[in-house]
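Student: One structure, pasted below without further comment.
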Amino acid sequence: MTCRYKVQSIAHGAIRLEQLAPQYGAERRRLMVLKYRGMAFRGGYHDYLIRRGGLLVFPRLIASEREVEPRLERIASGIPQLDALLGGGLDRGSSTLIIGAPGTGKSSLAAVYACAAAQKGENAALFIFDESVKTFMTRGIGMGLDLQSHVSAGRLVIQQIDPAEMSPGEFIHRLRHEVDNRQASVIVIDSLNGYLNAMPEERFLVIQLHELLTYLGHAGVATILISAHQGLIGSQMTSPVDASYLADTAVLMRYYETRGEVRQAISVMKKRSGTHERSIRDFRLSADGVHVGPPLRHYRGILTGVPVETPPDEASR
Ligand SMILES: Nc1ncnc2c1ncn2[C@@H]1O[C@H](COP(=O)(O)OP(=O)(O)OP(=O)(O)O)[C@@H](O)[C@H]1O
Ligand SMILES: [Mg+2]
């Protein structure tokens with residue numbers, strides 16, 4: 001942008017306001033402080049809204065500004081087999097990516113951890129991009145999770161995010177509110193696919209996500225990210241966002257076929273902060289909640305989606 005008269009040089013401060021029109025969705029507004037004499041300012045773009053009463057500016061997140069809180073405990077799900085799989089539970093200050101095909105139970109698993117935190121009297125917040133709050137609640141209640149009472153008590157906040165209407169800056173602002181003002185100990189972003197759609201420029205997603213995870217890590221939050229695979233079964237499944245190297249822990253959920261049934265399996269692929277089980281366990285949802293079975297030692301090739309049963313003598317080796 002060129003300025004016909006070089007007024008910038010005589011003014012003490014200069015702010016540039018921009019309006020962007022994405023191919024789909026509401027317009028996005030952002031501003032940048034170009035200069036401010038004699039004072040340090042936060043550089044880069046900051047999203048803003050024009051609302052009744054004035055402007056609402058969402059300052060760009062800088063993770064290093066947040067002091068590191070040494071919260072080393074774990075958040076256990078209360079399901080012994082699941083906690084064994086994850087080496088005791090989710091570490092505070094770490095991020096966990098749940099990857100899996102649509103319908104494998106990713107959101108339900110995240111809901112279990114949010115409820116476990118709320119059960120202990122802590123706060124949890126879920127930001128859901130893909131489904132409605134009503135669907136989320138109905139499924140959780142159908143699985144016997146006590147979502148409604150935690151929501152009523154204010155320990156659980158479930159916010160639906162419309163990526164077409166909300167800028168990344170506003171989303172980060174809402175998330176920070178939960179962490180800074182409500183001391184949330186569990187934050188769920190369901191899903192990264194939806195978060196990606198909220199980004200005006202997708203190539204910056206990973207760098208923004210890295211900043212966000214660092215900030216949440218400093219705040220001692222156990223962050224759960226959900227990523228949906230494209231494709232239901234087999235080895236051709238891909239993920240539109242590869243955040244597996246950003247997350248500290250990666251949990252894989254897959255469908256596998258056996259005896260004319262489609263079942264789900266769960267395994268932990270990595271955990272930076274310590275040990276975890278290497279086994280693949282059966283995963284099932286029911287009206288009683290989440291069930292994680294014993295290690296599936298009688299199968300070979302579960303991760304291909306079409307395993308073969310192995311004889312008991314081979315399985316015990
Ligand atoms: N009460 C219940 N009893 C048995 N199964 C259930 C119950 N509630 C949900 N399910 C199963 O869980 C699946 C949905 O789980 P969930 O929404 O957690 O999966 P997801 O991996 O998050 O899916 P998506 O990728 O579509 O968001 C349903 O397809 C259904 O098979
Ligand atoms: Mg889901």
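Bear in mind that the values in this text are calculations on the coordinates, not laboratory data. It should be emphasised that the depicted structure is a prediction, and the values quoted were computed from it without experimental measurement. Counting neighbours? That spans all protein chains shown, and the Cβs are built from the backbone with ideal geometry, glycine included.
Student: Got a sec? How would Val206, Val262, Val157 order by Cβ neighbour count within 10 Å, fewest to most? Spell out each step's value before the answer.
Tutor: On the way: Val206 15, Val262 12, Val157 20.
Fewest-to-most Cβ neighbours within 10 Å comes out as Val262, Val206, Val157.
Student: Students often get this wrong: which residues of region 249-293 have the backbone nitrogen under 11 Å from the point 7 angstrom along Cα-to-C-beta of Ala63?
Tutor: none
Student: A further question on this structure: Show that you can apply the helix-only estimate: for the chain, add -39,500 (n - 2.57) for every DSSP H stretch of four or more residues, divide by all residues, and state [θ] at 222 nm to the nearest 500. Please list the in-between numbers first.
Tutor: On the way: 8 runs with 70 residues, N = 317.
My calculation for the chain gives -6000 deg cm²/dmol from helical runs alone.
Student: Right, next: Based on the Cβ-Cβ distance of Gln183 and Leu56, what FRET efficiency does E = 1/(1 + (r/R0)^6) give at R0 = 35 Å, to the nearest 0.05? Kindly include the intermediate steps, with their values, before the conclusion.
Tutor: Values: r = 23 Å, r/R0 = 0.66.
Taking R0 as 35 Å, the efficiency between Gln183 and Leu56 is 0.90.
Student: Could I ask something else about it? Residue by residue through region 176-187, what is 3J(HN,Hα) from phi via Karplus (6.51 cos²θ - 1.76 cosθ + 1.60, θ = phi - 60°)? Round to whole Hz and write x for glycine and proline.
Tutor: Per residue, the Karplus-derived 3J(HN,Hα) values read 5, 4, 5, 7, 7, 9, 10, 6, 4, 9, 10, 10 Hz.
Student: Among Gly144, Ala184, Ile161, which residue has its Cα positioned farthest towards the positive end of the charge dipole of region 134-202, with +1 placed on the Cβ of Lys and Arg, -1 on the Cβ of Asp and Glu, and the dipole taken about the Cα centre?
Tutor: Positive-most Cα among the choices belongs to Gly144.
Student: Here is a further query. Please check: in the Gaussian network model of the chain (C-alpha springs, under 10 Å), which one of Tyr195, Tyr245, Tyr113 has the largest mean-square fluctuation.
Tutor: Sorting by GNM fluctuation, first place goes to Tyr245.
Student: If you wrap a convex hull around the Cα atoms of the chain, how much volume per residue is inside, in Å³?
Tutor: Values: hull volume 50.5 nm³, N = 317.
Enclosed volume per residue, from the Cα hull, is 159 Å³.
Student: Pulled fully out, how much extra length does the chain show between Leu34 and Glu257, if you take 0.36 nm times their separation in residues and subtract their Cα-Cα distance? Let's see the in-between values first.
Tutor: Details: separation 223, 0.36 × 223 = 80.28 nm, distance 5.85 nm.
Length gained, Leu34 through Glu257: 74.4 nm.
Student: Also: Given H placed 1.01 Å from N in the peptide plane, which residues other than close sequence neighbours of Leu126 have an amide H under 5 Å from its amide H?
Tutor: For Leu126, whose amide H was placed from the backbone, the distant partners under 5 Å are Val157, Ile158, Gln159, Val188.
Student: Starting from the Cα of Lys134, draw a straight line to each of the lysines and keep only those under 22 Å, dropping any in the same chain fewer than 8 residues away.
Tutor: Partners within reach: Lys106.
Student: Would you list which aspartates and glutamates come within 16 Å of Lys270, measuring only between C-alpha atoms, while excluding same-chain residues fewer than 8 positions from it?
Tutor: The qualifying aspartates and glutamates are Asp83, Asp91, Asp242, Asp248.
Student: Just going by the charge dipole of the chain, with Lys and Arg at +1 and Asp and Glu at -1 on Cβ, which of Phe129, Ala76, Ile10 is farthest out on the positive end?
Tutor: Result: Ile10.
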